[in-house]
Structures are given as structure tokens and as C-alpha cells.
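Participant: Sharing a structure here in C-alpha cells format.
What follows draws every value from the coordinates through simple rules; no lab data is involved. Everything numeric here is computed off the predicted structure, so don't read it as measured data. Cβ atoms come from the backbone with ideal geometry, glycine included; neighbour counts cover every protein chain shown.
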Amino acid sequence: MPPAPVAVANSSSAAKAPPASADPGVLLRGEAAMGDFTTDAPGVRRILTTADLRAPFETKSVDNEAHLVDRPDGAWPRVPAGFKVGLFASGLTNPRMARVAPNGDLFVVESQAGRVRVVRDRDGDGKSDIAETFAEGLKQPFGVNFYPLKEPRYVYVANTDSVIRYPYGAGDLKARGPAEPLVDDIAGGGRLRGGGHWTRDLVFSRDGSSMYVSVGSRSNVNDDASEARRARIFEFSPDGKEERVFATGIRNAVGLAIHPETGELWASVNERDELGENLVPDYITSVRQGGFYGWPWFYLGDHQDPRHAGKHPELRDRVIVPDVLLQSHSASLGMMFYVGKGLPEAYRGNAFAAQHGSWNRARRTGYKVVRLPMASGHAIGEYIDFMTGFVTPEGDVWGRPVAIAEAADGALFVTDDAGGCVWRVAYR
């Protein structure tokens, strides 16, 4: 059995003092890329490979849950030079996934409250002035999306155990009718810890013929019957009637996105815990049809989890290595591809992902938004800090990014469930 996690008071007292923030623009590799929140800054570049993997149990597993505080006076998210951050909407309850409707309205899922809100900037000043409840009475909702892709007639919502849709017309602030159940046998979660990964995201293929739904594992690394129909991504027909398993061995694909050029499905994934400070890296990757990504027996290729030593040798050579490895325990959540013109041209086609932040690490990591550069539609392996600053010098946390969405004017929306708000990031 692995050693039990060691509780620590907070990240500031859990380890020796870290190095100063890395210089923006310098590509950090290997050990240097495994810093903590004090090394984060807009423009800092990192790349991790399987050659950088540490040995299991090289360091103790710790329980260092985020200590949430109100935003301190003067604290504000940090973004690259030339960008500015504004508070688009506040007073929300646990805002999680968010997506922008074709007419520009921002649909925000308030998971704890069991509802979907429509947030609108009516006068174009960069701040919301309308926040209406589109639908409520939902069961731990997370994913939200629109169908058909052009001139949608439905808003789809992924509850923890089902997919439903509401009739919709452009500009609607409330659902036009009751929910229509489409898929009712998704393995439902609870609440971590111990209760299972409960978030379910959903996206549609570029041609609109398929609906992809992510379902996370119930446990950290179990392989018993409770994991049936979990740790995978399903593919359905948009009416929910046709089902097949698209990919397996993905512990928790919290965020899904479709690559705008290639049409590939991509996922932002939480990997397993309790193997040490720097195992196992989270990741963002294109997802292959029929692909196997290792969980729970292997990780990042043929690396066997020691808690399942000797199991399933026939699967070892099938495990796909993801496209981009992220610092372990970052808790990568929502992701998107940028297609607009509001940001510099170098950002077009890049992916963005929200890092909700670690608990299984002595010194905090995550708690930021990162950018993934692309070349000819493919990830180059590195990721760049884009939006940071949500952790105080003492290690307290005042903001936790969850999802990113592209506004109609090309700005970015970032939901923050710790702050109960939505940030807006625009290029000056």
C-alpha cells in the first residue's frame, strides 16, 4: 500500500523557500519546470517530457487543500503586457463551465446551485448588466453547449448522471420549454474527496454528427466494479440514441474542445494522486478514437502504477503518451481553442486551459490559466503562463480558474469559482 498523505498547514510552511519567479520568455525544462506558484508569471514557458518523470513515492504524498480567502486589497490577476483584466460579472454561486452562445451571451453553469445562468453585457462596456436563470433544478450540472452549431435550437446540459437539452432561440434568457432527457445512464459522481469525479463536459464534432461526453473515474486508482462506464469519453448521436466508447483510460477529462483546423477532439485531464510531488503530470491532449491512455494501471506510456504492479501486461504497449504534459497536480479543467481576432495574431489557433490548483502537493501549483502554442494544428509540447496571481505570498488562495470562453469581440472570459465571478481579459 502507498504511504498515507501527510497533512500540512499551508504551502508556505511545507517546504524550503522556492526560487524567485522565472524570467518570462525563458523555456524551463525538467526540474526547472517543476516549480510552484512563486515561479509563475505571465510569459513563463515550460516543457515536460516522459524523460522528466520522477520515481513513484520519491517524495511523500501530502494533503494541502487550498486555504481560500477573500481577494486581498490590491490583488488582481496578472496577464502579459498589452492585456488588461476586468471583472465582468460577480456575485455568482460556484461558476464552473461557461460557453458563449452564437449571439454573444455567456452561459455560466453554477454547479452547486444546480442552475445555468445567462450573463449579458448589454451596453458593451465590458461588464455584465444582465444575469438571468436560464434553467434550474439540475443535478450537479457542468457541461453546457449549443446545437446545431449554427443557429442553435437547443441548449444541452450535462448533469453528473445525464444529458438533457432545452429548446432555445437566439437571445433567450430562459428556456422555452422543459428539459428533454437524452442520455440517462451516465455513471453519476458525488463530491470529491471519496465521492467520485462528478463533472461531465460535452462538445459536438465539427460537422455536428457526434456528441462527446466525458466521464471521470470514481476513485484515485481503483480498478473494481465501481469504475464501470467511467474514466472514458463517450460518443453519442446528438439525440443521445447511439452510443459508443470513444476513448478509455482517461482518469478525468474535465474539459473538452474541438480543434478548429483538424476537427480533432481534445481533452484537459486530471491524472492520479498520491505518488509524490511530481507524479503524475496532468495533461492536455488530442484524443484518438479507440485510444487507451493508461488509467489506472499505467501512466504516460508504459509506466506502470506500482499500486497495480504486474497487472495487464498486454496493455503496456497500447498506452498513448499525451501531447502536452502539465505540472503534476495542477488540476487542469476547462479548455478552448482561440479562433478570434481580438488577441495578437500569434494567439490564433492556440489552446487555453484553466488550472484549478493542487491539493496533493506541499507547495502549491496551478491556480492560473495557461496557453498552449500550436504549429500547423499540432501542439509543440510547451505551455506558457498566461493569467496568474491568484495565490498570496503566504500561500493562501483567492481565485481558482475553472473555464475559459471566447467572447464575441475576441476577448476571453475566465470563470473563477473561488471568487464567484467571471474575469474578462482583453488586448489593449
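Participant: Sorting Leu315, Leu53 on the 10 Å Cβ count, fewest up front, what's the list?
Facilitator: Leu315, Leu53
Participant: Over the chain, what is the mean sequence separation of C-alpha contacts under 8 Å (at least six apart), divided by residue count, expressed as relative contact order in percent? Kindly include the intermediate steps, with their values, before the conclusion.
Facilitator: Values: 1229 pairs, mean separation 83.0, N = 428.
So the answer I get is 19 percent.
Participant: At 1.567 mPa s and 4 °C, plugging the Kirkwood radius over alpha-carbon pairs of the range 79-163 into Stokes-Einstein gives what diffusion coefficient in µm²/s? Please list the in-between numbers first.
Facilitator: On the way: Rh = 13.7 Å.
D, rounded to a whole number, is 94 µm²/s.
Participant: Mind sorting Lys241, Lys311 by how few other Cβ atoms lie within 10 Å of their own Cβ, fewest first?
Facilitator: Working: Lys241 9, Lys311 14.
Final ranking by Cβ density, sparse to dense: Lys241, Lys311.
Participant: Let me ask something else about it. What trypsin sites (Lys or Arg not before Pro) does the range 94-174 have in DSSP loop regions with at most 15 other beta carbons within 10 Å? It would help to have the intermediate numbers written out before the result.
Facilitator: Details: sites: Arg96, Arg99, Arg115, Arg117, Arg120, Arg122, Lys127, Lys139, Lys150, Arg153, Arg165, Lys174; in loops: Arg122, Lys127, Lys139, Lys150, Arg153, Lys174.
Passing both the DSSP loop test and the Cβ count: Arg122, Lys127, Lys139, Lys150, Arg153, Lys174.
Participant: Using all Cα-Cα distances in the chain, what percent lands in each 20 angstrom bin from 0 up to the longest?
Facilitator: 28, 61, 11, 0
Participant: On to the next question. For the range 262-362, list log₁₀ I(q)/I(0) at each q in 0.10 Å⁻¹, using the Debye formula over Cα point scatterers of equal strength and ignoring solvent, two decimals each.
Facilitator: After summing over all Cα pairs, the log10 values are -0.33.
Participant: OK, next. With a ≥ b ≥ c taken as the square roots of the eigenvalues of the C-alpha gyration tensor of the range 157-216, please select rounded if a/c is under 1.5 and otherwise prolate if a/b is larger than b/c or oblate if it is not?
Facilitator: Values: a/c = 2.33, a/b = 1.58, b/c = 1.47.
It comes out prolate by the Cα gyration axes.
Participant: Mind checking the log10 I(q)/I(0) for the range 383-428 at q = 0.23, 0.24, 0.31 Å⁻¹? Debye, one equal scatterer per Cα, no solvent, two decimals.
Facilitator: Listed by q, the Debye log ratios stand at -0.88, -0.93, -1.17.
Participant: Among His303, His356, which comes first, second and so on when ranked by fewest other beta-carbon atoms within 10 Å?
Facilitator: Numbers: His303 17, His356 24.
Least to most surrounded, the residues fall as His303, His356.
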